[in-house]
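FYI, it's all coordinate maths here, none of it is from the lab. What you see is a predicted model, and the numbers here were worked out from it, not measured in a lab. Every residue, glycine as well, gets a Cβ built from its backbone with ideal geometry; the counts of neighbours run over all protein chains shown.
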Amino acid sequence: MLKARAVDGPDQSFREAEIERRELDKKDILIEIKFAGICHSDLHTAHGDWGEVDYPLVPGHEIAGIVTDVGEGVTKYKVGDRVGVGCMVDSCGECENCKAGEEQYCLKGNVPTYAGVDKYGEPTQGGYSTHIVVVEDFVLGIPDSIPLDKAAPLLCAGITTFSPLNHWDAGPGKKVAVVGMGGLGHMAVKIAHAMGADVTVLSQTLNKKEDGLAFGASSYYATSDEETFEKLAGTFDLIINTVSAKLDMNAYLSLLTLNGTLVNVGAPAEPLDINLFSLIPHRRSFAGSMIGGIRETQEMLDFCAEHDIAPSIEVISADEIDEAYKRVMDSDVKYRFVIDISTM
Ligand SMILES: [Zn+2]
Ligand SMILES: [Zn+2]
């Protein structure tokens, strides 16, 4: 049995728990988890916001650790390697999307790291635990220059923002706006800047302006100020919306230039009102994007190492998860909580 932290229901606090991981299959890797990030999805899932989940639930899909054992057929990693696991731990491997390296869009559905069911029919449990067993194809290599605590949030917040920036060609000559400066937003700013794009932050207030500029933004505007939308009309090639609250999408679409795209990586529970005349006159696109494939996630990790970028984090102990959840809900974190699993 392995130590973990679990919740037993939507309104419950975290408690000490014991879980089991499967015996290593041929292609399996046993990872001793060192750090696990706290993602907004963890809160939504634990609270049952996204539909019914089976409890007890062990969240966590920003996992960084060390390989401690490998199955006999494993070729990609060896004992002692620094590795990570993100939002998915398996997929069918045979559909068109899996074959294209877009396992997150597996046509049969990928196997989420927690609150899912694996190919053995067992519920998956996430990274708020001391160990995890994952098939080697879903394990990422963490470059030596990235400390494990800072590597953890890259496995969700990093790839969730890297993938759309990469897909829609953020780079030199491109104007990119990042909506929201939380866990996802602050990574979007750092990555887009490292890609060479000109980055603007659109945040409710100017409270985090100094940080935003330090992360690489060239300008920072408050969306509570109506003049912002007049001033920036028709400006951006790409807008990455990281906010999961319901925003006035037509106002944000008006900030796109000809052929510009607004990509959503956060989602409010209720549908949005989009006026198609926000799109048609400037051939604008309204899009969504979900994490990234395994190959692209490795690219992202290597890119972050090469450009010396990493998330800004607050490391907490396992006993502080409930308090951290409250602070995440209040947007009171700079900019990602990471659990030190050695405190478990
Ligand atoms: Zn996440
Ligand atoms: Zn598939």
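Annotations for the structure displayed:
- Relative contact order, whole percent, for the chain stands at 18, derived from Cα pairs under 8 Å and 6 or more residues apart.
- Dmax and Rg, reported as Rg then Dmax, of the stretch 289-344 (C-alpha, Å): 14.3, 35
- Neighbours of Gly127, meaning other residues whose beta-carbon lies under 11 angstrom from its beta-carbon, give a summed charge of 0 when Lys and Arg score +1 and Asp and Glu score -1.
- Remark on Asp81: its backbone amide H falls under 5 Å from those of Val67, a criterion applied only to residues 5 or more positions apart or on other chains, H modelled at 1.01 Å from N.
- Over the stretch 33-168, relative contact order from alpha-carbon pairs under 8 Å, at least 6 apart, %: 30 percent
- For the listed peptides 199-210, 100-111, 147-158, 221-232, a ranking on the average number of other beta carbons within 10 Å per residue, highest first, reads 147-158, 199-210, 100-111, 221-232.
- For the set Lys26/Lys150; Lys78/Lys108; Lys27/Lys78; Lys34/Lys190; Lys208/Lys326; Lys150/Lys208, the pairs lying more than 22 angstrom apart at their alpha carbons are Lys26/Lys150; Lys78/Lys108; Lys34/Lys190.
- Amide H contacts of Val179 (H built 1.01 Å from N, under 5 Å, at least 5 apart or other chain): Leu202, Ile240, Asn241, Thr242
- Crossing angle, helix 183-194 versus the chain [Cα axis fit, 0-90 degrees, rounded to tens]: 70 degrees
- ³J(HN,Hα) computed for each position of the stretch 329-344 - Karplus, 6.51 cos²θ - 1.76 cosθ + 1.60, integer Hz, glycine/proline x: 5, 8, 6, 9, 8, 10, 10, 8, 7, 10, 7, 7, 5, 5, 8, 6
- Scaled against 2.2 N^0.38 Å for its residue count N, the alpha carbon radius of gyration of the chain is 0.98.
- Computed over the stretch 170-325, relative contact order equals 19 percent, with contacts defined as Cα pairs under 8 Å that lie 6+ residues apart.
- Here the spin labels are modelled as points 7 Å beyond Cα on the Cα-Cβ line, and at Met1 and Glu270 they lie 4.5 nm apart.
- Built amide H within the under 5 Å cut-off of Glu314, gap 5+: Tyr335, Arg336, Phe337, Val338
- By DSSP, the beta bridges lying fully in the stretch 181-300 are antiparallel in about 0 percent of cases.
- Most tightly packed first, judged by the mean number of other beta-carbon atoms within 10 Å of their residues, the peptides 2-12, 181-191, 266-276 read 181-191, 2-12, 266-276.
- Rounded to the nearest 10 degrees, the inclination of helix 157-167 to the longest alpha-carbon principal axis of the chain is 50 degrees.
- Charge context of Asp319, other residues only, Cβ under 12 angstrom, K/R +1, D/E -1: -3
- Three-way shape label, the stretch 37-162, alpha-carbon gyration tensor, a/c 1.5: rounded
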